[in-house]
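Visitor: Questions regarding the structure given below will be posed in turn.
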Amino acid sequence: MVADKTQEKIILDVENLKQYFNEGQRDEVRAVDGISFQIFEGETFGLVGESGCGKSTTGRSIIRLYHPTAGKIEFDGEDVSKIKRRADMEHFRRDVQMIYQDPYASLNPRMKVRDIIAEGIDIHHLATDVDDRNQQVNDLLELVGLDRSHGTRYPHEFSGGQRQRIGIARALAMQPKFIICDEPISALDVSIQAQVVNLLMELQQKKKLTYLFIAHDLSMVKYISDRIGVMYYGKLVEVGKSEEIYNFGVHPYTESLLSAIPLPDPEHERTRRRIVYKPAVNDGAERELREISEGHFVYCSEEEVPVFQKKLADKKAQTEKVEV
Amino acid sequence: MEKVLEVKDLKISFDTFAGKVHAIRGVEFDLYRGETLAIVGESGSGKSVTTRSIMRLLAKNANVDSGTIMFKNEDLNKKDDKAMQKIRGRDIAMIFQDPMTSLNPTMTIGKQVAEPLRKHEKISKKEAMNTALELLRLVGIPDAEKRLNNYPHQFSGGQRQRIVIAIALICRPEILIADEPTTALDVTIQAQIIELMKDIQEKIRTSIIFITHDLGVVANVADRVAVMYGGRIVEIGTSEEIFYNPQHPYTWGLLSSMPTLETQDSLYAIPGSPPDLLDPPTGDAFYPRNEFAMQIDTEETPPFFEISPTHKAATWLLAPQAPKVTPPQEIVNRHQHFQKIMKERELVQKKLREV
Amino acid sequence: MAEMDYSKIPKEKFELIGHQDAAESEKIAAPSLTFFQDSWRRLKKNKAAVISLVILGLITLIAFGAIWLSPKDPTKQNVQFANLPPKIPGISVDGFNGTTLVRGQRVDKYEQVGVPEDVYFILGTDSLGRDLLSRIFMGTRASLIIAFVAAILDLSFGVTYGLISGMKGGRVDSIMQRILEVLSGIPNLVVMILFLTIFKPGILTIILAMAVTGWITMARIVRAQTLKIKDQEYVLAATTLGQSQISIALKHILPNISSVVIVQMMFSIPTAIFFEAFLSFIGLGLTPPNASLGMLLSEGYKLFRFLPHLMWAPAIVLSVIMICFNLLADGMRDAFDPKMKD
């Protein structure tokens, strides 16, 4: 990759990851079809795309809920898909955690909040005794902005936002380095989304966390992420700095996605024109992610690189003109 | 403008094991012909209950404690079930959130689209099918003739929602209630459906009540906006007034908690959780989460203060005694923008008069 | 008018106080209830279920209490006192006072055969002079034992089998399901007859026959539920926390399917009771002098024309038990899953 990036430590390196279901059968689904990206320590990498594009599958393959069909997932220098030893697996489970989408389905309804949060502590024997365990749980509850008295209650007594915070506390109990946020805010109300996003960002600072933030809401992803990857039908079509993607996305699919986001501004809405994405016909050219400017990758063939480079330059020039 | 629907002092509660849940606590609004009224609110704010009560589709444990829903000079609350059945689908139609479950999987879509027409009007099967075909074309189903005999599972999510819209519109209803019609859809599909609804509204002049929690969608579709919180409407006005000149602190919170084009340092978040309507707070239901709460908010329910003939907000901040407060930065920007618009408009009018 | 009202409000009231403390606004008002407390509260509202529960409790108590407190010895024969009609102390209604119609005339049977004054057979006696009430207690006991064994089989075999099959999935699941299909293809009656060629008829044989096939429905239901819950996000979360498969099955899946399991168990109990009654009725069940409700029915049915009470009494008891179990199971299903109703 680019020179200045080498100073940053790559914490997750995904190379040519493929995740097929019902492989070799007639109903084979290529949920993830050869994607590669890197995530640097301490950053937030946003993965966006529409439902069925394979973004959630990517997250689940990384955390080993699925066995990848092909490709390499390297976490902290170790190939995740090759972990065999129990101790190594336990280590990996502690380092990588996940926050789930549905606050109503991600907490066991028959367990008390205290036991839900302490589940990881119990499995990995992270507490010396019962008092220590309760202390840890109470600290976690306070960390995510809940009251310690909430520990004795059951999930159904909480609102969506509170439940999501319980899910975050459960993940944090393992003191992970890397958290996969699988659409953590899409099931929440607007006023609560901001709370959860703020909490996640605050925790990132405090605990030096790295996030893979999966979502379909591009405006929120742009706000929380340092870099964004756009997925379409199992492929990454564009990767780059979030500002750059959001303002100067050049891949036609990215443009179409960006043009579809409604903003809470009637004037902007009146002038917004939607761009319809027509997938390029397969002309046999070999397409892959190619760098068109520093840190900005587009899925295209060798010949298309200059085309996209020109498009990017034009877009940037246009904005500058407007600002002047 | 002609009023099609007039809701007055609507109060609805639900009997549950834990006690009475006061879901709607005095809702009032009018709906004019041909307009789109968006009702915005969080889950539990009562937006869905309000519209379901118009259709009389409430669960058995619901009580309408008071209020009138006037439609064509008749109170819908006083109609019996049979009379209501005639109104549903013909005069008032509804679209639900999930296009997967609102279609019958064992019936061809042609039959499903034609069904309300056959039920409400004496019309031959063939005529009904022709109208169905026409409507399916209108909502943009490609090759509609060929697909009349297809079943719902043969369509994509977006197409299914188009079919649902076709079913709702086939009797040319006066009012279309859309309950989060795009929430289950992807953004690009959502954009298509919204365009479709706007397009069709222009063609058949239906009034639409659009329920959603997505302020972006509201900004796109709505002529007027009602913001609901804790079972009440807290602010109602034209789309411009709500987005550029919001007055209620809850509307402020909602608008500032969404990231906009300009990058912000930190997102504004409304603290706390929505109120428990089992035991709603006295006074303004929003006061426990309101940064600008005053003593009076905890004691008295604020009345509506009129900002303009079309704009009302229920907050004590508008009372003459209230102190001046500075809303969040995002809102200040919006207010400035509103003043700019108003000034421009004044200038235009002045010029017009001069001419 | 409203204008007038609020202009009177003093200015002090309009002092800014800011939003509430976060902790305050996050407080939960409703009392904390566990799932079973909540279900119990709903069950209590269902009158039929509560009455059924009480009746079943009483029947169980009496049936097992009768081991020590039986009014008469249920197996003691006394041919002299055979075929006596019911006689309840203090009641002089025909049919319950020891009299019967003989050629149009009401005759006191008890006097006829010389029963002592202070001896009463509340439900009369059978053709061998055994006290019917005591025999019904004994029969009920046998039926209930079979019912509870069926329940235990359901719980142990069925639940374990279903859980393993559902959790493992893939090939293991396919093989386990094929085995179930083969087993469920064998008719119960054939199994029973086969067993009778090896064992003596009796409770043990019936239980063994049920052990072969009785738990299949439960296993299927548990498997289906396991497959459903397995994809829930909290199970995924437990997996990513490093929880083992066994712990996931016991901590996450079992508690969440417990309501379905209990309801299914409650429905399988009357089926088992009825199976035993059916076997005994056709003579494949228990052997005398033991009694079961099915046997009593079979005996009573032979004398139905002359002594109808011999069949009525066990028939009523059997029906009441069956109805009560079904009503209770129904009530429990509604209580556990309020959404399934309406």
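The values are calculated or read from the model by the stated rules, or taken from the named source; none is laboratory data. It should be emphasised that the depicted structure is a prediction, and the values quoted were computed from it without experimental measurement. Don't worry about glycine lacking a Cβ; one is built from the backbone with ideal geometry, like all the others, and counts go over all protein chains shown.
Visitor: Could you check segment B:296-349 and list, in sequence order, the residues that are in contact with a strand residue (DSSP E or B) (Cβ under 7 Å, 6 or more places away or on another chain) and among the charged types (D, E, K, R)?
Guide: Scanning segment B:296-349 gives B:Glu306, B:Lys312.
Visitor: Determine the pairs where a residue that is in contact (Cβ under 8 Å) with a residue 60 or more places away in the chain, located within segment B:62-83, has a partner that is assigned to a strand (DSSP E or B) and acidic (Asp, Glu) with Cβ atoms under 7 Å apart, the partner being 6 or more residues away or on another chain.
Guide: B:Gly67/B:Asp9; B:Thr68/B:Asp75; B:Ile69/B:Asp75; B:Met70/B:Glu6
Visitor: Let me ask something additional. Which of the residues spanning segment A:167-183 are buried (at least 24 other Cβ atoms within 10 Å of the Cβ) and either within 11 Å of another protein chain (Cβ to nearest Cβ) or among the basic types (Lys, Arg) (or both)?
Guide: A:Gly167, A:Arg170, A:Ala171, A:Ala173, A:Ile179, A:Ile180, A:Asp182
Here's the yes/no breakdown for (1) modelled with pLDDT of 90 or more; (2) not aromatic (Phe, Trp, Tyr):
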position: C:Asp131; (1), (2): no, yes
position: C:Arg135; (1), (2): no, yes
position: C:Ala142; (1), (2): no, yes
position: C:Phe148; (1), (2): no, no
position: C:Val159; (1), (2): yes, yes
position: C:Ile164; (1), (2): yes, yes
position: C:Ser174; (1), (2): yes, yes
position: C:Leu183; (1), (2): no, yes
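Visitor: Within segment B:197-217, work out how many residues are under 16 Å from B:Gly140 (Cα atoms) and touching a residue at least 12 places away in the same chain (Cβ under 8 Å).
Guide: Adding up the residues that qualify gives 6.
Visitor: List pairs: first residue in segment B:14-37 and assigned to a strand (DSSP E or B), second residue loosely packed, with under 15 Cβ neighbours inside 10 Å and polar (S, T, N, Q) anywhere in the structure, Cβ distance under 8 angstrom, at least six positions apart or on different chains.
Guide: Once the first residue is assigned to a strand (DSSP E or B) and sits in segment B:14-37, its partners that are loosely packed, with under 15 Cβ neighbours inside 10 Å and polar (S, T, N, Q) give B:Phe14/B:Asn61; B:Phe14/B:Asn63; B:Asp15/B:Asn61; B:Asp15/B:Asn63; B:Thr16/B:Asn61.
Visitor: Right, something else. Can you list the helices (runs of 4 or more DSSP H) lying wholly within segment A:124-241 that have 1 or more residues being closer than 22 Å to A:Ser51 by Cα, in contact with a helix residue (DSSP H, G or I) (Cβ under 9 Å, 6 or more places away or on another chain) and modelled with pLDDT under 90?
Guide: Ranges flagged: A:160-172, A:190-207, A:218-224.
Visitor: Which condition number does B:His248 fail, the rest of (1) surrounded by 23 or more Cβ atoms within 10 Å (Cβ to Cβ); (2) within 12 Å of chain A (Cβ to nearest Cβ) being met?
Guide: With (1) surrounded by 23 or more Cβ atoms within 10 Å (Cβ to Cβ); (2) within 12 Å of chain A (Cβ to nearest Cβ) applied to B:His248, the lone miss is (2).
Visitor: Taking the condition over 17 Å from B:Arg25 (Cβ atoms), within 8 Å of another protein chain (Cβ to nearest Cβ) and of a type in the set (Asp, Glu), does B:Glu291 pass?
Guide: Yes; evaluated as a whole, the condition is true for this residue.
Visitor: Identify the single condition in (1) of a type in the set (D, E, K, R); (2) within 9 Å of chain C (Cβ to nearest Cβ); (3) surrounded by fewer than 17 Cβ atoms within 10 Å (Cβ to Cβ); (4) under 26 Å from A:Phe37 (Cβ atoms) that A:Lys84 does not satisfy, given that it satisfies every other one.
Guide: (2)
Visitor: Shifting gears a bit: Would you call B:Pro303 at the interface with chain C (Cβ under 8 Å from one of its Cβ atoms), in contact with a helix residue (DSSP H, G or I) (Cβ under 7 Å, 6 or more places away or on another chain) and either in contact (Cβ under 8 Å) with a residue 24 or more places away in the chain or within 28 Å of B:Asp30 (Cβ to Cβ) (or both)?
Guide: The answer is yes for B:Pro303.
Visitor: Which members of segment A:135-157 meet the condition of being over 21 Å from A:Leu203 (Cα atoms), within 14 Å of chain B (Cβ to nearest Cβ) and without any contact (Cβ under 8 Å) to a residue 24 or more places away in the chain?
Guide: Residue satisfying the conditions is A:Glu157 alone.
Visitor: Moving to a separate point now. Determine if segment A:92-113 includes at least one residue that is facing chain C (nearest Cβ under 9 Å), in contact (Cβ under 8 Å) with a residue 24 or more places away in the chain, acidic (Asp, Glu) and closer than 20 Å to A:Cys181 by Cα.
Guide: Yes, the conditions are met somewhere in segment A:92-113.
Visitor: Pick from B:Arg162, B:Arg137: which is under 29 Å from the mean Cα position of the chain (by Cα), of a type in the set (Lys, Arg) and within 28 Å of B:Ser48 (Cα to Cα)?
Guide: Going through B:Arg162, B:Arg137 in turn, just one is under 29 Å from the mean Cα position of the chain (by Cα), of a type in the set (Lys, Arg) and within 28 Å of B:Ser48 (Cα to Cα): B:Arg162.
Visitor: When you check B:Lys119 against the structure, is it in contact (Cβ under 8 Å) with a residue 12 or more places away in the chain, of a type in the set (Lys, Arg) and more than 21 Å from B:Lys203 (Cα to Cα), yes or no?
Guide: Yes: the conditions hold for B:Lys119.
Visitor: Has segment A:114-134 got any residue that is over 14 Å from C:Ala238 (Cα atoms), within 11 Å of chain C (Cβ to nearest Cβ) and of a type in the set (Gly, Ala, Ser)?
Guide: Within segment A:114-134 (the criterion being over 14 Å from C:Ala238 (Cα atoms), within 11 Å of chain C (Cβ to nearest Cβ) and of a type in the set (Gly, Ala, Ser)), the answer is no, since none of the residues qualifies.
Visitor: Right, something else. How about segment B:181-232: which of its residues are away from chain A (no Cβ under 12 Å) and of a type outside the set (A, V, I, L, M)?
Guide: Correct list: B:Pro181, B:Asp199, B:Gln201, B:Glu202, B:Lys203, B:Arg205, B:Thr206, B:Ser207, B:Phe210, B:Gly230, B:Gly231, B:Arg232.
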